[in-house]
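Enquirer: My structure is below; once you've seen it, I'll send some questions.
The values are calculated or read from the model by the stated rules, or taken from the named source; none is laboratory data. None of the values given here were measured: they were computed from a predicted structure. So basically every Cβ, Gly included, is an ideal-geometry build from the backbone, and we count neighbours across all protein chains shown. Protein only, heavy atoms only, side chains kept; ligands, DNA and RNA dropped before computing areas. Shrake-Rupley method; radii C 1.70, N 1.55, O 1.52, S 1.80 Å.
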Amino acid sequence: MTPAPLQDRPAWRALEAHVETIGQRHLRQLFEQDPERGRRLRAQAAGIYLDYSKNRITDETLKLLLQLARESNVAERRDAMFRGEHINVSEDRAVLHVALRMPRESSLVVDGVDVIGEVHAVLDRMADVATRVRSGQWRGFTGRSIKNVVNIGIGGSDLGPVMAYEALRFYSQRDLTFRFVSNVDSDDFVEAVRDLDADETLFIISSKTFTTVETLTNAHSARAWLLERLGDDAAVAKHFVAVSTNAEQVAAFGIDTANMFGFWDWVGGRYSMTSAIGLSTMLAIGPDAYAELLSGFHEMDEHFRLAPLEENLPVLMGLLGVWNRNFLGCTTVGVMPYDQYLKRLPAYLQQLTMESNGKHVTLEGVTVDYQTGPVYWGEPGTNGQHSFYQLIHQGTSIIPVDIIGFARSLNPLGDHHDILSANVFAQAEALAFGKTADEVRRDAGPERVIAHRVMEGNRPTNVLLAEVLTPKLLGSLIALYEHVVFTQGAIWGIDSFDQWGVELGKALASAIVPELTDVAPVLGHDSSTNALIEHYRKLNGRGS
Ligand code: G6Q
């Protein structure tokens with residue numbers, strides 16, 4: 001049954017009334033009243049401990065949010081996803097990235113086909129290539145083994161691979177060099193290959209559609225770069241592989257489809273890091289560690305599918321996000337991994353969250369009358385603390401923060417890790433409890449700066465704590481955020497799996513390209529765009 005419009009749901013209405021009474025209560029009070037709060041408002045799954053006690057909620061808030069999830073059919077929609085229904089309505093597609101990490105012996109029928117066999121057939125072919133490259137068996141055109149892997153892709157065909165490579169660098173084969181080229185800006189490609197030997201370099205052209213201008217432009221430059229150095233078209237087969245759903249375009253580019261790894265239209269770009277788009281990841285960490293990564297995803301998928309809503313990490317985090325966004329009016333969310341290997345996680349999550357839930361109409365195409373996805377951003381801790389945390393602590397906006405920490409370092413060195421981890425706990429504590437004027441006064445310092453030094457606190461955080469960053473843990477962490485996005489999209493009643501805003505950009509730029517090179521086409525844009533194009537042409541000596 002279709003749920004009532006969001007703002008008419010009883011739980012939504014109750015939350016609107018509830019926020020009037022609870023919304024302004026300070027976390028200091030909430031912790032004072034309930035000494036066990038920090039031990040109660042927590043949940044664990046797949047090796048991830050979530051402390052959500054430092055959110056501005058009470059048990060009543062939680063009860064109402066869970067009721068909202070029920071009234072919004074979150075579980076029904078989740079089950080429909082796992083059954084392979086076409087829940088991506090605007091593109092009329094199933095949404096089944098969860099199938100990519102199901103064990104070999106499982107079964108999932110999508111549009112009449114059991115896809116698990118196909119998924120594992122591709123994984124096996126990937127493993128074969130990965131093993132041959134990693135062992136030096138895969139020879140380039142001149143007989144040398146591969147030392148460099150360059151992934152060319154953009155958006156979902158780049159952010160997952162680059163994030164995973166950086167995150168799992170500790171586990172990577174160190175005599176292989178990995179580079180990632182995404183921007184059509186030639187600086188990106190030129191800098192990525194400038195110190196590489198062509199005869200030791202393997203390019204992975206990653207593009208679901210194989211029509212993306214940025215990727216194809218870079219791929220053509222890569223081919224020209226290779227041929228300039230190796231001088232024979234036959235070299236392409238030894239130095240290029242493709243990851244795509246579009247065999248025809250891959251063949252037209254000149255890549256042997258025997259070296260193509262496919263995936264399916266039910267894998268969205270930003271949900272594709274466990275499809276063949278993960279080939280660079282598998283090359284870096286090897287098939288066994290890659291299987292662990294997949295098992296981590298699967299463990300969280302199963303938790304999301306099976307755990308009761310009140311213990312379900314993605315559901316809880318998703319609901320808290322809705323509370324912060326729709327009832328406390330927060331417009332952005334900070335994600336701060338206290339782990340240098342996760343430095344690209346915020347960029348990855350930006351796409352996952354904002355491309356999925358930055359939507360203004362419901363599944364039925366009706367303009368929403370409530371806020372949807374917030375802005376996500378972040379940096380690794382503790383670097384952020386020495387720059388923008390100021391605004392989080394004392395600015396006029398409330399910015400909820402996800403703080404991600406680990407109990408153990410992969411590179412133990414003196415007391416580095418305890419110092420790092422102390423910051424995890426200290427920041428969450430300071431954001432929640434702040435510092436009152438009396439507390440400031442107790443420290444030495446002139447009275448006139450007391451007000452400047454007061455910290456209001458009452459800033460919400462989620463603290464995610466795990467033992468150590470492993471491939472498996474990374475999988476669980478990413479799946480957690482995927483399903484947080486899902487939960488929120490289900491409540492907002494939007495299509496989290498299309499991206500029409502991205503498609504628009506692709507089309508608009510293509511129309512302007514010829515106008516930049518042609519000296520005198522009639523420019524039919526607005527006066528600002530026309531003037532900018534004219535000035536660009538003038539600066540390039542192409543006339544006005
Ligand atoms: C992701 C988006 C988008 C996409 C890129 C690259 O969900 O659809 O970021 O991944 O535009 O597309 P191709 O893989 O088709 O080149």
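Enquirer: Is segment 449-527 rounded, prolate or oblate when judged by the Cα gyration tensor, a ≥ b ≥ c being the square roots of its eigenvalues, rounded requiring a/c under 1.5 and prolate requiring a/b larger than b/c?
Expert: prolate
Enquirer: Follow-up. Of the heavy-atom accessible surface of the chain (probe 1.4 angstrom), what whole percent is carbon and sulfur?
Expert: 52
Enquirer: Here is a follow-up. If you count only protein heavy atoms with a 1.4 Å probe, what accessible area per residue comes out for the chain, rounded to a whole Å²?
Expert: Value for the chain: 43 Å² per residue.
Enquirer: Where the centroid of each part is defined by its Cα atoms, how far is segment 148-183 from segment 198-229 in Å?
Expert: 15
Enquirer: Moving to a separate point now. Loop-only check: which trypsin sites (Lys or Arg not before Pro) in segment 118-188 are DSSP coil with at most 11 other Cβ within 10 angstrom? Could the numbers behind the result be given before it?
Expert: Details: sites: Arg125, Arg132, Arg134, Arg139, Arg144, Lys147, Arg169, Arg174, Arg179; in loops: Arg144, Lys147, Arg174.
Sparse-neighbourhood loop trypsin sites (Lys or Arg not before Pro): Arg174.
Enquirer: Going by alpha carbons, how many degrees (0 to 90, nearest 10) lie between the helix axis of 416-433 and the longest principal axis of the chain?
Expert: 50
Enquirer: Round to a whole angstrom and tell me the spacing of the C-alpha centers of segment 34-60 and segment 1-25.
Expert: 22
Enquirer: Roughly how many whole Å is it from the C-alpha centroid of segment 266-298 to that of segment 105-147?
Expert: So the separation of the two Cα centres works out to 11 Å.
Enquirer: Moving on to the next point. Once you have a ≥ b ≥ c as the square roots of the Cα gyration tensor eigenvalues for segment 1-105, tell me rounded if a/c is under 1.5, and otherwise prolate or oblate according to whether a/b is larger than b/c.
Expert: Oblate, because a/c is 1.5 or more while a/b does not exceed b/c.
Enquirer: Here is a follow-up. Between 0 and 90 degrees, rounded to the nearest ten: what's the tilt of helix 115-135 against the longest Cα principal axis of the chain?
Expert: 70
Enquirer: Right, something else. By the gyration tensor of its Cα atoms, with a ≥ b ≥ c the square roots of the eigenvalues, what is the shape of segment 146-201: rounded for a/c under 1.5, prolate for a/b over b/c, or oblate? The partial results should precede the final answer.
Expert: Numbers: a/c = 2.27, a/b = 1.04, b/c = 2.18.
Because a/c hits 1.5 or more and a/b fails to exceed b/c, segment 146-201 counts as oblate.
Enquirer: Can you count the Lys pairs in the chain whose Cα atoms are under 21 Å apart, with each pair 8 or more apart or on different chains?
Expert: 6
Enquirer: Through the Karplus equation 6.51 cos²θ - 1.76 cosθ + 1.60, θ set to phi - 60°, convert the phi angles of segment 165-180 into ³J(HN,Hα) values in whole Hz; use x for Gly and Pro.
Expert: 4, 5, 5, 10, 3, 4, 8, 7, 6, 6, 8, 9, 9, 10, 10, 10
Enquirer: Okay, helix-only estimate at 222 nm for the chain: each DSSP H run of n ≥ 4 adds -39500 (n - 2.57), divide by all residues, round to 500 deg cm²/dmol; what do you get?
Expert: Details: 21 runs with 244 residues, N = 544.
One gets -14000 deg cm²/dmol as the mean residue ellipticity at 222 nm.
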